[in-house]
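Report on the structure given below.
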Amino acid sequence: MDCREILTNIDSYLTGRLDDETRRRFERHLEKCEKCRIRVENDRLLVDLMSRDNIPDPGESYWDHLENSILSRTIDSYPEIPSNKQKTKSSHKITVYLVPLAASIALMLLSFADIDVGPSQTMRADVSNINNNQAVSVIQPSVIPEIMGSIIMSPPGSPLRTLSIGRLNEQ
Amino acid sequence: MNTDINDLIARVANDDREAFAELVGRYKKKIYGIAYRMLGNHLDADEVTQETFVRVYEKRHQLRSVKYFSSFILRIASNYSIDLIRRKQKKNISVDELAFLPEVQIELAERIESPDKSLEDAEILQAVKDAVKRLPPRQKMAIILHDLEGFTKLEIANALGCPQATVRSNLHIARTKLKKWLKKKFH
């Protein structure tokens, strides 16, 4: 074994991980090479010094506290997870109910926005009586699709709403 | 990884809560010890230990494909420790936070302050601790895991995500620096 191999094997030698044959070759080299011997001894001393710096034991009550903290942040705060099969079934059920529910809510919102426009009983009212400054109360069914978007999206009295009614007036 | 731990890990991966509690019981002291050596104080060691297990739990389904659990948990703990050291260095926070610690840390501090060793021993130990503290995080991790915690270079390489040759070189550089600093201090 040469000095280069000593460098490669020094860690394994210090931690007792060399096989017998390699360890014998390692030690034979140390007997004749002072430089390597000093290096190995210094490293051994250093490891020894470092390992004397013991970690203070915080005590059993701390270990219990630590374990409880970890468990409360993990298994206690995550819901119990069902098996994969159950998970697929339940997520399918959720989808089946959620999609129509979401659609219904969206439709309801649209209806409310329309009602908000004002009293709707006089569908045949004369459109020409509506001027630009008047609050909107009546819309002819035939023109609803054309202006629906802008009216629904704008609050009562807003310029957009007024603009839409103005277009009705021109007709 | 022996069969026993293999079974335990398989159960954890299948959402067995009792198995996870057992895993925490088995590894908490080891992780705390490594973190304490890396960070040098109780509060940070506590944080690293908790965060490590929280992350293991979050990644529990990945455990099915993990070959060596010790490398897996070591990787999480060492990454978190190195991040924490870097964050502290960035913010320039002193590691010595005894004045702000809860009771358990004060108790620890008292124990450290009254050791049975001679003053000279205490001085040498303190010098070694200070020197280790000065090492860059990855060299520090390599020397702690290899020389003090008994991990192999392969395990450390897996944990740090680098080749074994890098671990070997980190170890040699770290030891050379430590010897140089200590020599300077005592000669």
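Worth pointing out:
- 10 Å Cβ neighbours from other chains, averaged over peptide A:59-72: 4
- Computed log₁₀ I(q)/I(0) - Debye formula, equal Cα scatterers, no solvent, the stretch A:3-51, q 0.15, 0.19, 0.23, 0.32 Å⁻¹: -0.35, -0.57, -0.82, -1.31
- For the stretch B:117-187, the dipole from Cβ point charges (+1 on Lys and Arg, -1 on Asp and Glu) about the Cα centre works out to 400 debye, to the nearest 20.
- Per residue of peptide B:56-63, the mean number of Cβ atoms on other chains within 10 Å of the residue Cβ is 2.
- Ranked by how many other beta carbons lie within 10 Å on average, peptides B:144-156, B:123-135, A:30-42 from highest: B:144-156, B:123-135, A:30-42
- Packing around the peptides A:60-72, B:35-47, taken as the average count of other Cβ atoms within 10 Å per residue, puts them in this order, highest first: B:35-47, A:60-72.
- Peptide A:10-16 - average C-beta neighbours from other chains (10 Å radius): 4
- Normalised contact order of the stretch B:117-187, rounded percent, pairs of Cα under 8 Å and 6 or more residues apart: 36 percent
- Solvent-free Debye calculation, one equal scatterer per alpha-carbon of the stretch B:117-187: log10 I(q)/I(0) at 0.15, 0.20, 0.25 Å⁻¹ equals -0.51, -0.79, -1.05.
Taken together, the values in this text are just the output of simple stated rules run on the coordinates, not laboratory data. No experiment lies behind these values; they were computed from the predicted model shown. Every residue, glycine as well, gets a Cβ built from its backbone with ideal geometry; the counts of neighbours run over all protein chains shown.
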